[in-house]
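What follows is one structure encoded as structure tokens, with my remarks underneath.
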There are 2 protein chains.
Amino acid sequence: MPSNPHDERDNAVPASVGIVETRFARLFSDDHPLQFQIGAELASVTVAYETYGTLNANKNNAVYVCHALTGDAHAAGLHSADDEKPGWWDGFIGPGKALDTNEYFVICGNVLGGCQGTTGPGSVDAISGKRFCLDFPFLTVSDIVSVHSELVRHLGIKQLLAVVGGSLGGMQVLDWSVRFPDQLRACVVLASAPKLAAQGIAFNAVGRRAIYGDAGFLKGQYYDSEGPRYGLALARMVAHITYLSEDSIELKFGRRLQDSDRFAYDMQKETEFQIESYLHYQGKRFVQRFDANSYVYLTRAMDYFDLSEGYESLAEAVKNVQARFLVASYDTDWLFPTSQSKELVSALLQAGKHVSFTELHCPFGHDSFLIDLGPLNEMVGPFLEQA
Amino acid sequence: MPSNPHDERDNAVPASVGIVETRFARLFSDDHPLQFQIGAELASVTVAYETYGTLNANKNNAVYVCHALTGDAHAAGLHSADDEKPGWWDGFIGPGKALDTNEYFVICGNVLGGCQGTTGPGSVDAISGKRFCLDFPFLTVSDIVSVHSELVRHLGIKQLLAVVGGSLGGMQVLDWSVRFPDQLRACVVLASAPKLAAQGIAFNAVGRRAIYGDAGFLKGQYYDSEGPRYGLALARMVAHITYLSEDSIELKFGRRLQDSDRFAYDMQKETEFQIESYLHYQGKRFVQRFDANSYVYLTRAMDYFDLSEGYESLAEAVKNVQARFLVASYDTDWLFPTSQSKELVSALLQAGKHVSFTELHCPFGHDSFLIDLGPLNEMVGPFLEQA
């Protein structure tokens, strides 16, 4: 494992897993292809993943982290000595943190259909020799989990100590607990839901329409050109609003102006208010790191996810679950409100499962699980120790 | 006044004002131009307006209705005998309703900058002989109100019994009460706010960006071509989500599919869920009746509106108000939440004004003031009688 560059620093700096590397696994084969939920097959899937901490001799200390819609495998640490941006859950993964790398072997893999190293619509199809684009098989959360599950087997791990995820990551945890109940002992589901509500589907529809409407989208075959940069940025802007609480956005930006203390009164000026400038910036930044086709596929997977699909009830759906559950929602999260977590918790209890539930008080809305790591560390740490 | 086509029908059918006509007033002149808040002038403004009921001899029974962002002058009645769609507030205006046309003379004028008969960016500039497009003067809520106020004088009315409006209409009522305190005796402000919150500004920014990003926008000079139909529809889609409550959208659509009881699993299909189909329909319908330039101007006016601007406090801003106020919010309205109405009510009370306030319980979110007219009639009727 990499050394810790923070070792000699002030104690106030949280310990880091140090410098890490993204690795790539080639999973599946002609004899053992990935079977998509709706029937397609892929004989080879590349998965980008990172690991932190050490797998013990009994191979029973592994914790899998499922990232959310636009996350990636780089959940903790730095990619080089001069890297200034640690992984997206660095405050939650590392020595002494909830996902304590002194104790656990933490794995995070980029999702199937993604664009950060794992096979997705931007990858080259071995059969046609061309990029998949919109010919990539229709993708569900179950397909994403099938690949995670295969990666765990590939690493020689029979059973995970826990699977942890927020938002779309939490949906993966839920699917995993139902479809591979033997493979995990504990589940942590944060700011998530057993199915997306109509409002969430509606916002995803707007985002996709922004992408489809961009002349640069070219029905998904844009890899030799600039691509739907404007539409993808717009999709991110609207999604970003839904990740923040009304109070946090008000507190952070209010009606403050961007460039001066007076209105410009200019119809051509799009960034008069700070909140506008912030959203434009978020959109621009997103386009640099994300692929529009992946966005389209993964939001659809999110829309389609319904844990109770094919069952008479949600309680029926979770009846074979073996893992203990920790479920947490955030009081200011209006995209995945507490009521949805409660529905899940009720079903688990009805099915006689072990489940702890809490609604955390945090001002940051849906993004709380990525921002407010203090309460999360306090809660998840002890839960994993019990597991 | 027109006859009532419902006279011989079942008593259960609410009485209507009958067949009405939109009229046009030419206001202002070279000697008395409209002075915009930021300095521009217009020597002639056409206003489309309708009236219902009869102005009494003392001319003291007039009630002015201020419409919201995408409304128009056609607030009640039908435009012809075979017209199937009554005016947008027909359940609230008419014989025996809160705005009782047996008692009151009700006026509704299309807003300045609009696209339904009143001068706006799509109108021809008398000086250049060309349509204004984005050369139309920058518009504020105060400019809209200046035109309403002039229309009232034009109709020979010195003082209104009341001014009533919801959402952006409520903002007009507020501005009116401060800038022309002598001109109105009572104000009804529904689902509105003394200023737009950051979240509202954010959603408006997304809508405008959808329009600007449409190749058909042509910097606003699209009147000889198809115009930014896709972008304007997209703007409406995102706005429409914010008008509905999470619960009402869930109840109305949930996760129900549009065309079958099974997923299509087709990445090209944009309307898999009923909520998607509904939003697409709303977008399409909107494009048929609204102008993108007006949308851009009026959302900006909404963003900029801040009743306390130029004053030390909101209470200071309303200190010259003479009218009595009725303020109502809706418990499921997350675009103009109750807290904003309460801020207004506090300021009015602090300034020693007469104000009644209630939070109505209604599942329909921000749109409640247009949908759930029972409670509104019960509340506003008696308030106007007192006035």
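The values are calculated or read from the model by the stated rules, or taken from the named source; none is laboratory data. Everything numeric in this text was worked out from a predicted model, so none of it was measured. Cβ placement follows ideal geometry from the backbone for every residue including glycine, while neighbour counts extend to all protein chains displayed.
Can you confirm whether A:G227 is small (G, A, S), over 17 Å from A:F305 (Cβ atoms), not assigned by TED's automatic domain parsing to the domain that holds A:T332 and not in a strand (DSSP E or B)? Please lay out each step first, then the result.
Working: small (G, A, S): yes; over 17 Å from A:F305 (Cβ atoms): yes; not assigned by TED's automatic domain parsing to the domain that holds A:T332: yes; not in a strand (DSSP E or B): yes.
The answer is yes for A:G227.
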- The listed residue being of a type outside the set (S, T, Y), away from chain B (no Cβ under 14 Å) and more than 20 Å from the chain's Cα centre (by Cα), out of A:A264, A:A317, A:A328: A:A317
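Conditions (1) away from chain A (no Cβ under 12 Å); (2) buried (at least 21 other Cβ atoms within 10 Å of the Cβ), marked per residue:
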{"site": "B:V238", "(1), (2)": "no, yes"}
{"site": "B:Q258", "(1), (2)": "no, no"}
{"site": "B:R285", "(1), (2)": "yes, no"}
{"site": "B:Q288", "(1), (2)": "yes, no"}
{"site": "B:V296", "(1), (2)": "no, yes"}
{"site": "B:F305", "(1), (2)": "no, yes"}
- Task: Name, by its number, the condition in (1) in a helix (DSSP H, G or I); (2) modelled with pLDDT under 95 that does not hold for A:S341.
- Result: (2)
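Can B:T46 be described as hydroxyl-bearing (S, T, Y), assigned to a strand (DSSP E or B) and farther than 14 Å from B:V111 by Cα?
Details: hydroxyl-bearing (S, T, Y): yes; assigned to a strand (DSSP E or B): yes; farther than 14 Å from B:V111 by Cα: no.
Answer is no for this residue.
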- Item | Lone qualifier among A:A126, A:A186, A:A202 - being closer than 22 Å to A:L376 by Cβ and aliphatic (A, V, I, L, M) | A:A186
- Of everything in segment A:202-213 that's over 19 Å from A:G113 (Cα atoms) and in contact (Cβ under 8 Å) with a residue 24 or more places away in the chain, which residue is surrounded by the most Cβ atoms within 10 Å (Cβ to Cβ)? A:A210
- Does B:S277 count as surrounded by fewer than 24 Cβ atoms within 10 Å (Cβ to Cβ), in contact (Cβ under 8 Å) with a residue 24 or more places away in the chain and over 15 Å from B:V238 (Cβ atoms)? no
- With (1) touching a Lys or Arg at 6+ places or on another chain (Cβ under 8 Å); (2) surrounded by fewer than 23 Cβ atoms within 10 Å (Cβ to Cβ); (3) not hydroxyl-bearing (S, T, Y) as the list, and A:E343 as the residue in question, which single condition is left unmet? (1)
- Query: Does segment B:85-100 contain any residue that is on the phi < 0 side of the Ramachandran plot, part of a strand (DSSP E or B) and of a type in the set (F, W, Y)?
  - Reply: no
- Task: Return a yes/no flag: does segment B:124-144 have any residue that is over 20 Å from B:A40 (Cα atoms) and more than 14 Å from every other protein chain (Cβ to nearest Cβ).
- Result: no
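Filter segment A:316-332 for residues that are over 17 Å from A:C187 (Cα atoms), crowded, with 20+ Cβ neighbours inside 10 Å and touching a strand residue (DSSP E or B) at 6+ places or on another chain (Cβ under 9 Å) and give the result. Spell out how you get there, then give the answer.
From segment A:316-332, those over 17 Å from A:C187 (Cα atoms) are A:316, A:330-332; that's our starting set.
Subset that is crowded, with 20+ Cβ neighbours inside 10 Å: A:330, A:332.
Residue satisfying the conditions is A:Y330 alone.
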- Considering only segment B:75-99, how many residues are surrounded by 20 or more Cβ atoms within 10 Å (Cβ to Cβ) and either farther than 25 Å from B:D303 by Cα or aliphatic (A, V, I, L, M) (or both)? 14
- Message: Can you tell me which residue is surrounded by the fewest Cβ atoms within 10 Å (Cβ to Cβ) among those in segment A:15-26 that are assigned to a loop (DSSP other than H, G, I, E, B) and among the aliphatic types (A, V, I, L, M)?
- Response: A:A15
- Query: Any residue at all in segment A:328-337 that is modelled with pLDDT of 95 or more, in contact with a Lys or Arg (Cβ under 8 Å, 6 or more places away or on another chain) and not hydroxyl-bearing (S, T, Y)?
  - Reply: no
- So, of the residues in segment A:155-196 that are away from every other protein chain (no Cβ under 14 Å) and of a type in the set (K, R), which turns out to be surrounded by the most Cβ atoms within 10 Å (Cβ to Cβ)? A:R185
- Return yes or no: is B:I249 facing chain A (nearest Cβ under 8 Å) and either among the hydrophobic types (A, V, I, L, M, F, W, C) or in a helix (DSSP H, G or I) (or both)? yes
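For segment B:235-257, what are the residues that are of a type outside the set (A, V, I, L, M, F, W, C) and without any contact (Cβ under 8 Å) to a residue 40 or more places away in the chain? Walk me through it before giving the result.
Just the residues of segment B:235-257 that are of a type outside the set (A, V, I, L, M, F, W, C), to begin with: B:236, B:240, B:242-243, B:245-248, B:250, B:252, B:254-256.
Passing the criteria: B:E250, B:K252, B:G254, B:R255, B:R256.
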- In the list A:I127, A:I144, A:I157, which residue meets the criterion of being over 20 Å from A:G77 (Cβ atoms) and either without any contact (Cβ under 8 Å) to a residue 12 or more places away in the chain or in the same structural domain as A:I211 (by TED's automatic domain parsing) (or both)? A:I127
- segment A:27-73, subset at pLDDT 95 or above and either assigned by TED's automatic domain parsing to the domain that holds A:Q288 or on the phi > 0 side of the Ramachandran plot (or both), residue surrounded by the most Cβ atoms within 10 Å (Cβ to Cβ): A:G53
- Task: Give segment B:197-223 a look and list any residue that's within 7 Å of chain A (Cβ to nearest Cβ), within 24 Å of the chain's Cα centre (by Cα) and among the aliphatic types (A, V, I, L, M), or say none.
- Result: B:A197, B:A198, B:I201, B:A202, B:A205, B:V206, B:A210
